[in-house]
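Scroll down for the structure; my scribbles are underneath it.
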Amino acid sequence: MPVRMSIAVVLIATLLAACSSVSTPSNEATMSSYATAPVSKGTFSAAQAGLPAGAGAGALPAPSFDQANALQYKLGPLDALNIVVFQVPDLSGSFQVGSDGMLNLPLVGNVRAAGRTAQEVQKEITSKLAASYLQQPQVSVTVTGFNSQKVTVDGTVVKPGIFPVSKGGSTLLEYIALAGGLPRQADPANVVIFREIGGKRMAARFDVAQIRKGLATDPIVYGGDTIVVPTSGVRSAWADFLSAVPAASFVARVGGI
(Lines give C-alpha, C1' and ligand atoms only; values in the text may rest on other atoms or scores of the structure.)
Protein backbone atom coordinates (compact mmCIF):
# COMPACT_ATOMS: atom_id res chain seq x y z
CA MET A 1 0.00 0.00 0.00
CA PRO A 2 2.74 2.56 0.87
CA VAL A 3 4.46 1.79 -2.46
CA ARG A 4 1.23 2.37 -4.38
CA MET A 5 0.59 5.62 -2.56
CA SER A 6 4.14 6.77 -3.31
CA ILE A 7 3.65 6.02 -6.99
CA ALA A 8 0.34 7.90 -6.96
CA VAL A 9 1.94 10.93 -5.30
CA VAL A 10 4.73 10.95 -7.91
CA LEU A 11 2.20 10.75 -10.76
CA ILE A 12 0.10 13.59 -9.34
CA ALA A 13 3.18 15.75 -8.83
CA THR A 14 4.26 15.08 -12.43
CA LEU A 15 0.85 16.02 -13.78
CA LEU A 16 0.77 19.24 -11.77
CA ALA A 17 4.24 20.14 -12.96
CA ALA A 18 3.18 19.57 -16.56
CA CYS A 19 0.09 21.73 -16.16
CA SER A 20 2.02 24.54 -14.54
CA SER A 21 4.54 24.57 -17.38
CA VAL A 22 2.00 25.25 -20.15
CA SER A 23 3.29 28.04 -22.38
CA THR A 24 5.84 29.21 -19.81
CA PRO A 25 9.26 28.45 -21.38
CA SER A 26 9.12 31.21 -24.00
CA ASN A 27 6.76 33.62 -22.28
CA GLU A 28 9.47 36.04 -21.22
CA ALA A 29 11.01 36.02 -24.69
CA THR A 30 7.60 36.45 -26.31
CA MET A 31 6.66 39.38 -24.11
CA SER A 32 10.04 41.03 -24.63
CA SER A 33 9.67 40.85 -28.41
CA TYR A 34 6.54 43.00 -28.21
CA ALA A 35 7.66 45.16 -25.32
CA THR A 36 10.67 46.45 -27.25
CA ALA A 37 8.34 48.47 -29.49
CA PRO A 38 7.97 52.07 -28.32
CA VAL A 39 4.53 53.46 -27.61
CA SER A 40 3.95 57.11 -28.43
CA LYS A 41 3.78 59.25 -25.31
CA GLY A 42 0.26 59.61 -23.99
CA THR A 43 -2.89 58.10 -25.46
CA PHE A 44 -4.69 58.82 -28.67
CA SER A 45 -8.37 59.06 -29.34
CA ALA A 46 -9.51 58.10 -32.84
CA ALA A 47 -9.25 61.68 -34.08
CA GLN A 48 -5.82 62.23 -32.47
CA ALA A 49 -4.50 59.06 -34.03
CA GLY A 50 -5.63 60.19 -37.47
CA LEU A 51 -8.46 57.63 -37.65
CA PRO A 52 -12.05 58.02 -38.86
CA ALA A 53 -14.41 59.94 -36.59
CA GLY A 54 -15.98 57.72 -33.92
CA ALA A 55 -13.55 54.89 -34.63
CA GLY A 56 -12.18 54.48 -31.12
CA ALA A 57 -15.34 53.93 -29.09
CA GLY A 58 -14.87 50.82 -27.01
CA ALA A 59 -12.37 49.01 -29.25
CA LEU A 60 -9.76 49.31 -31.92
CA PRO A 61 -11.35 50.54 -35.15
CA ALA A 62 -11.62 48.13 -38.06
CA PRO A 63 -8.66 48.10 -40.44
CA SER A 64 -8.98 50.23 -43.56
CA PHE A 65 -9.01 48.55 -46.96
CA ASP A 66 -7.52 51.20 -49.20
CA GLN A 67 -7.47 50.63 -52.95
CA ALA A 68 -3.70 51.04 -53.21
CA ASN A 69 -3.15 47.94 -51.09
CA ALA A 70 -5.97 46.08 -52.81
CA LEU A 71 -4.30 46.44 -56.22
CA GLN A 72 -1.31 44.38 -55.07
CA TYR A 73 -3.25 42.01 -52.82
CA LYS A 74 -3.36 38.33 -53.78
CA LEU A 75 -6.83 36.95 -53.19
CA GLY A 76 -7.48 33.93 -51.01
CA PRO A 77 -10.38 31.77 -49.77
CA LEU A 78 -13.24 33.69 -48.09
CA ASP A 79 -12.12 37.09 -49.38
CA ALA A 80 -15.08 39.34 -50.22
CA LEU A 81 -15.39 41.12 -53.56
CA ASN A 82 -17.69 43.71 -55.06
CA ILE A 83 -18.20 43.01 -58.77
CA VAL A 84 -19.94 45.52 -60.99
CA VAL A 85 -20.84 44.86 -64.63
CA PHE A 86 -21.81 48.24 -66.08
CA GLN A 87 -25.54 48.46 -66.90
CA VAL A 88 -26.07 44.77 -66.02
CA PRO A 89 -27.29 44.75 -62.40
CA ASP A 90 -28.17 41.04 -62.53
CA LEU A 91 -24.48 40.24 -62.90
CA SER A 92 -23.33 42.70 -60.26
CA GLY A 93 -23.16 42.37 -56.50
CA SER A 94 -21.15 41.14 -53.54
CA PHE A 95 -19.40 37.79 -53.89
CA GLN A 96 -17.12 35.69 -51.74
CA VAL A 97 -14.23 33.49 -52.82
CA GLY A 98 -15.03 29.89 -51.94
CA SER A 99 -12.94 27.71 -49.67
CA ASP A 100 -11.57 26.11 -52.84
CA GLY A 101 -10.31 29.49 -54.07
CA MET A 102 -12.94 29.78 -56.79
CA LEU A 103 -15.58 32.40 -57.57
CA ASN A 104 -18.92 31.21 -58.90
CA LEU A 105 -20.60 33.92 -60.96
CA PRO A 106 -23.86 34.12 -62.95
CA LEU A 107 -23.32 33.28 -66.65
CA VAL A 108 -19.55 33.34 -66.21
CA GLY A 109 -19.36 30.22 -64.05
CA ASN A 110 -16.24 29.39 -62.06
CA VAL A 111 -13.30 31.77 -62.03
CA ARG A 112 -10.09 31.03 -60.16
CA ALA A 113 -9.46 33.81 -57.67
CA ALA A 114 -6.97 32.47 -55.11
CA GLY A 115 -3.43 33.64 -55.78
CA ARG A 116 -4.52 36.33 -58.22
CA THR A 117 -5.12 40.07 -57.89
CA ALA A 118 -8.55 41.63 -58.28
CA GLN A 119 -7.39 43.11 -61.60
CA GLU A 120 -6.47 39.68 -62.94
CA VAL A 121 -9.88 38.32 -61.96
CA GLN A 122 -11.50 41.37 -63.54
CA LYS A 123 -9.74 40.69 -66.86
CA GLU A 124 -10.89 37.06 -66.94
CA ILE A 125 -14.51 37.96 -66.16
CA THR A 126 -14.44 40.64 -68.87
CA SER A 127 -12.98 38.18 -71.36
CA LYS A 128 -15.58 35.48 -70.64
CA LEU A 129 -18.50 37.91 -70.86
CA ALA A 130 -17.18 39.34 -74.14
CA ALA A 131 -16.76 35.87 -75.63
CA SER A 132 -20.36 34.80 -75.20
CA TYR A 133 -22.76 37.35 -73.76
CA LEU A 134 -21.88 41.05 -74.00
CA GLN A 135 -20.22 43.42 -76.42
CA GLN A 136 -17.42 45.41 -74.82
CA PRO A 137 -18.41 44.66 -71.21
CA GLN A 138 -17.17 47.05 -68.55
CA VAL A 139 -16.33 45.18 -65.36
CA SER A 140 -14.86 46.36 -62.08
CA VAL A 141 -13.70 44.11 -59.23
CA THR A 142 -12.75 45.54 -55.84
CA VAL A 143 -11.78 43.81 -52.60
CA THR A 144 -14.15 44.60 -49.73
CA GLY A 145 -12.95 42.07 -47.18
CA PHE A 146 -9.46 40.63 -46.71
CA ASN A 147 -10.80 37.53 -44.96
CA SER A 148 -8.08 35.12 -46.08
CA GLN A 149 -5.60 36.84 -43.82
CA LYS A 150 -4.64 35.08 -40.61
CA VAL A 151 -4.81 35.99 -36.93
CA THR A 152 -1.84 35.33 -34.64
CA VAL A 153 -2.44 34.39 -31.00
CA ASP A 154 0.78 34.61 -29.00
CA GLY A 155 1.98 34.60 -25.42
CA THR A 156 0.46 32.74 -22.49
CA VAL A 157 -2.16 30.57 -24.15
CA VAL A 158 -2.32 26.79 -24.24
CA LYS A 159 -1.67 26.53 -28.00
CA PRO A 160 -0.14 29.69 -29.53
CA GLY A 161 -0.49 29.76 -33.27
CA ILE A 162 -1.81 31.31 -36.46
CA PHE A 163 -5.51 30.88 -37.16
CA PRO A 164 -7.68 31.55 -40.22
CA VAL A 165 -10.30 34.28 -40.18
CA SER A 166 -13.77 32.78 -40.01
CA LYS A 167 -16.42 33.61 -42.61
CA GLY A 168 -18.58 35.62 -40.24
CA GLY A 169 -15.76 37.17 -38.25
CA SER A 170 -14.76 36.07 -34.76
CA THR A 171 -14.16 37.84 -31.47
CA LEU A 172 -11.29 37.99 -29.01
CA LEU A 173 -12.83 35.32 -26.77
CA GLU A 174 -13.35 33.00 -29.73
CA TYR A 175 -9.71 33.25 -30.81
CA ILE A 176 -8.53 32.65 -27.26
CA ALA A 177 -10.71 29.53 -27.26
CA LEU A 178 -9.17 28.43 -30.58
CA ALA A 179 -5.76 28.77 -28.93
CA GLY A 180 -6.84 26.39 -26.18
CA GLY A 181 -7.80 28.99 -23.60
CA LEU A 182 -5.78 30.69 -20.88
CA PRO A 183 -3.68 28.68 -18.43
CA ARG A 184 -3.57 29.80 -14.82
CA GLN A 185 -0.35 31.77 -15.42
CA ALA A 186 -2.06 34.10 -17.90
CA ASP A 187 -2.95 37.69 -17.13
CA PRO A 188 -6.50 38.06 -18.54
CA ALA A 189 -6.74 41.74 -17.55
CA ASN A 190 -3.99 42.88 -19.90
CA VAL A 191 -4.56 41.17 -23.24
CA VAL A 192 -3.34 43.35 -26.12
CA ILE A 193 -4.53 43.39 -29.72
CA PHE A 194 -2.12 44.83 -32.30
CA ARG A 195 -3.60 46.06 -35.59
CA GLU A 196 -2.45 48.05 -38.60
CA ILE A 197 -4.85 50.92 -39.30
CA GLY A 198 -4.24 53.37 -42.10
CA GLY A 199 -0.61 52.28 -42.37
CA LYS A 200 -0.01 52.78 -38.63
CA ARG A 201 0.59 50.07 -36.05
CA MET A 202 -1.96 50.43 -33.23
CA ALA A 203 -2.59 48.59 -29.97
CA ALA A 204 -5.32 48.45 -27.34
CA ARG A 205 -5.57 46.56 -24.08
CA PHE A 206 -8.58 44.40 -23.15
CA ASP A 207 -9.73 42.78 -19.91
CA VAL A 208 -10.86 39.29 -20.84
CA ALA A 209 -12.25 38.68 -17.34
CA GLN A 210 -14.57 41.69 -17.71
CA ILE A 211 -15.61 40.56 -21.19
CA ARG A 212 -16.52 37.12 -19.88
CA LYS A 213 -18.69 38.71 -17.19
CA GLY A 214 -20.52 40.79 -19.79
CA LEU A 215 -19.09 44.01 -18.35
CA ALA A 216 -17.06 44.85 -21.47
CA THR A 217 -17.55 44.38 -25.21
CA ASP A 218 -15.97 41.35 -26.86
CA PRO A 219 -14.13 42.99 -29.79
CA ILE A 220 -14.17 41.68 -33.35
CA VAL A 221 -10.77 40.40 -34.49
CA TYR A 222 -9.71 41.00 -38.10
CA GLY A 223 -7.25 39.36 -40.47
CA GLY A 224 -3.73 40.53 -39.78
CA ASP A 225 -4.36 41.13 -36.07
CA THR A 226 -1.99 39.83 -33.41
CA ILE A 227 -3.35 38.93 -29.97
CA VAL A 228 -0.79 38.80 -27.16
CA VAL A 229 -1.63 37.37 -23.73
CA PRO A 230 0.95 38.26 -21.06
CA THR A 231 1.99 36.21 -18.07
CA SER A 232 0.58 37.25 -14.72
CA GLY A 233 3.14 38.92 -12.49
CA VAL A 234 5.79 39.38 -15.18
CA ARG A 235 8.26 42.06 -14.12
CA SER A 236 10.04 43.16 -17.25
CA ALA A 237 9.87 45.61 -20.11
CA TRP A 238 6.47 44.15 -20.87
CA ALA A 239 5.06 45.62 -17.66
CA ASP A 240 6.27 49.06 -18.73
CA PHE A 241 4.82 48.49 -22.17
CA LEU A 242 1.41 47.60 -20.72
CA SER A 243 1.38 50.73 -18.60
CA ALA A 244 1.76 52.79 -21.77
CA VAL A 245 -0.97 50.96 -23.71
CA PRO A 246 -4.39 52.40 -22.85
CA ALA A 247 -7.65 50.60 -22.21
CA ALA A 248 -9.88 49.63 -25.11
CA SER A 249 -11.70 52.96 -25.29
CA PHE A 250 -8.51 54.45 -26.71
CA VAL A 251 -5.80 53.32 -29.08
CA ALA A 252 -2.06 53.81 -28.80
CA ARG A 253 0.28 54.31 -31.71
CA VAL A 254 3.03 51.70 -31.60
CA GLY A 255 6.32 51.96 -33.44
CA GLY A 256 9.05 49.52 -34.30
CA ILE A 257 6.91 46.36 -34.62
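The values are calculated or read from the model by the stated rules, or taken from the named source; none is laboratory data. The structure presented is a predicted model; accordingly, all values stated were derived computationally and were not measured. Cβ sites come from the backbone with ideal geometry, for glycine too, and all protein chains shown count toward neighbours.
Would you confirm whether or not the range 155-166 contains a residue that is surrounded by 15 or more Cβ atoms within 10 Å (Cβ to Cβ), outside the structural domain of Arg205 (by TED's automatic domain parsing) and without any contact (Cβ under 8 Å) to a residue 60 or more places away in the chain? Within the range 155-166, not a single residue is surrounded by 15 or more Cβ atoms within 10 Å (Cβ to Cβ), outside the structural domain of Arg205 (by TED's automatic domain parsing) and without any contact (Cβ under 8 Å) to a residue 60 or more places away in the chain. For the range 75-87, enumerate the residues that are part of a strand (DSSP E or B) and either without any contact (Cβ under 8 Å) to a residue 60 or more places away in the chain or among the aliphatic types (A, V, I, L, M) (or both). Of everything in the range 75-87, those that are part of a strand (DSSP E or B) and either without any contact (Cβ under 8 Å) to a residue 60 or more places away in the chain or among the aliphatic types (A, V, I, L, M) (or both) turn out to be Ala80, Leu81, Ile83, Val84, Val85.
Candidates Asp100, Asp90: the one that is surrounded by fewer than 17 Cβ atoms within 10 Å (Cβ to Cβ), in a helix (DSSP H, G or I) and either on the phi < 0 side of the Ramachandran plot or among the β-branched types (Val, Ile, Thr) (or both) is Asp90. What do you reckon, is Pro61 at pLDDT 90 or above and out of contact with any helix residue (DSSP H, G or I) (no Cβ under 6 Å at 6 or more places or on another chain)? Criteria not met by Pro61.
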